[in-house]
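Quick notes on the structure that follows.
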Amino acid sequence: MIQKVPWALIVFVAALFVPVAGSRYYTFLANDMIIWALFATSLNLLVGYTGLVSFGHAAYFGIGAYATGILMKKAGVSFLLAFPAAGVVAALFALVFGFFCVRLTRIYFAMLTLAFAQIVWAICFKWNEVTGGEQGMPEIPYPSFEWVERVAPWLPFVGGYKTSEYFYFLTLLLVAACLWLLRRVVGSPFGRMLTTIRENPERAEFIGVNVRRYELAAFVVAGIFAGLSGGLFGIFNRGVFPDFAYWTKSSEVLIMTLLGGMGTFFGPGIGALVLILLNQQIVSYTQYWPLVLGTVLVVLLFGFPGGIAGALGALSGRLLRRARGA
């Protein structure tokens, strides 16, 4: 009964009313959560469904951010072209890096992804002529919303918003579309084959499955959506900087995936929401927020080994069984 409730649609509709019901701060916070939810879900395709632990997923996040930033700020390209370009450029890099990474397994795979990510970070940090070097690229412009302002007088609930709020609605729609596509991917025969490879790659190879090819395909698809989330984040952040591709971003999104529940589709999104809220609340109370946040995360991960989504699923199943028994 609980599983039949269209939670995704309910959350999407509720998110549409954030600019109306909340302040600009809550709109900013919701925008941040939405982008990170897409980033974490893209990593979950590797970690949760394919069984490949990547320590360098931030490389494609940073590549997508720089691709969109360079095109929009330096080349004057519109958002309609710059946004998909983030996914295309990230996919090309993921294809090259993944070709080498999938030849290794387990910790060697993870360390090689980290090595490639550090190469990307070093290029972003040093290539002043293109990336802005250490200073990055500030003042990335928002997409143009002139057409929205033209039709606003004739459509209800459309006018009266600021540019940042229009960008929030655009981000919400694009992320929803990306999550829908990812949902179709994991529910397809391709997604089920990734799960088979995660459970037993030797058996999958024995029955004739080209394991490396499937892993490379998953690597590229995850890179595409990480690049798209990076493109959105660069505009949302109003600037692109080298730390977008640094290893700490990879660890942060990995924590979100583990906290929410890897292997569950909506778990990483829940993990992104919880981690960002925890960070915001703890920072407002103490300057020792890394220590407190780390302690809270350790307790949560030990208390819910299946992640928050796994705990919620177990709780709903228990309540359903009690209701049936009653």
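The values are calculated or read from the model by the stated rules, or taken from the named source; none is laboratory data. Just so we're clear, the structure is a prediction, and the values are computed from it rather than from any experiment. Here the Cβ is made from the backbone with ideal geometry for all residues, glycine too, and neighbour counts use every protein chain on show. Note: accessible area is taken over every heavy atom of the protein model, side chains too, but ligands, DNA and RNA are not part of it. Shrake-Rupley method; radii C 1.70, N 1.55, O 1.52, S 1.80 Å.
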Seminar exercise, completed: Going through region 130-139 in order, the residues found to be surrounded by fewer than 21 Cβ atoms within 10 Å (Cβ to Cβ) and not in a helix (DSSP H, G or I) are P138, E139
Problem set entry | Total residues in region 167-178, condition farther than 15 Å from V13 by Cα and touching a helix residue (DSSP H, G or I) at 6+ places or on another chain (Cβ under 6 Å) | 1
Exercise. Looking only at residues in region 252-285 that are hydroxyl-bearing (S, T, Y) and at pLDDT below 90, which one is nearest to L301 (Cα to Cα)?
Worked result: T264
Exercise. Within region 301-326, how many residues are over 19 Å from G260 (Cα atoms) and either in contact with a His (Cβ under 8 Å, 6 or more places away or on another chain) or in a helix (DSSP H, G or I) (or both)?
Worked result: 8
Problem set entry | Condition check for S251: of a type in the set (S, T, Y), more than 29 Å from A82 (Cα to Cα) and open to solvent by 30 Å² or more (accessible area, probe 1.4 Å) | no
Seminar exercise, completed: Those residues of region 17-33 that are in contact with a Ser or Thr (Cβ under 6 Å, 6 or more places away or on another chain) and open to solvent by 10 Å² or more (accessible area, probe 1.4 Å) come to a total of 2
Seminar exercise, completed: Residue count, region 89-129, condition open to solvent by less than 80 Å² (accessible area, probe 1.4 Å) and touching a helix residue (DSSP H, G or I) at 6+ places or on another chain (Cβ under 7 Å), comes to 20
Problem set entry | Matching option when the condition is surrounded by fewer than 15 Cβ atoms within 10 Å (Cβ to Cβ), in contact with a helix residue (DSSP H, G or I) (Cβ under 7 Å, 6 or more places away or on another chain) and not hydroxyl-bearing (S, T, Y), among V240, V298, V209, V283 | V283
For this session: With the condition kept exactly as written, say whether any residue in region 169-187 is among the hydrophobic types (A, V, I, L, M, F, W, C), buried (at least 23 other Cβ atoms within 10 Å of the Cβ) and in a helix (DSSP H, G or I).
Result: yes
For this session: Return the total of residues in region 259-272 being buried (at least 23 other Cβ atoms within 10 Å of the Cβ) and either part of a helix (DSSP H, G or I) or touching a Lys or Arg at 6+ places or on another chain (Cβ under 7 Å) (or both).
Result: 7
Exercise. When only residues in region 190-207 that are of a type in the set (D, E, K, R) and closer than 20 Å to V220 by Cα count, which is modelled with the highest pLDDT?
Worked result: R192
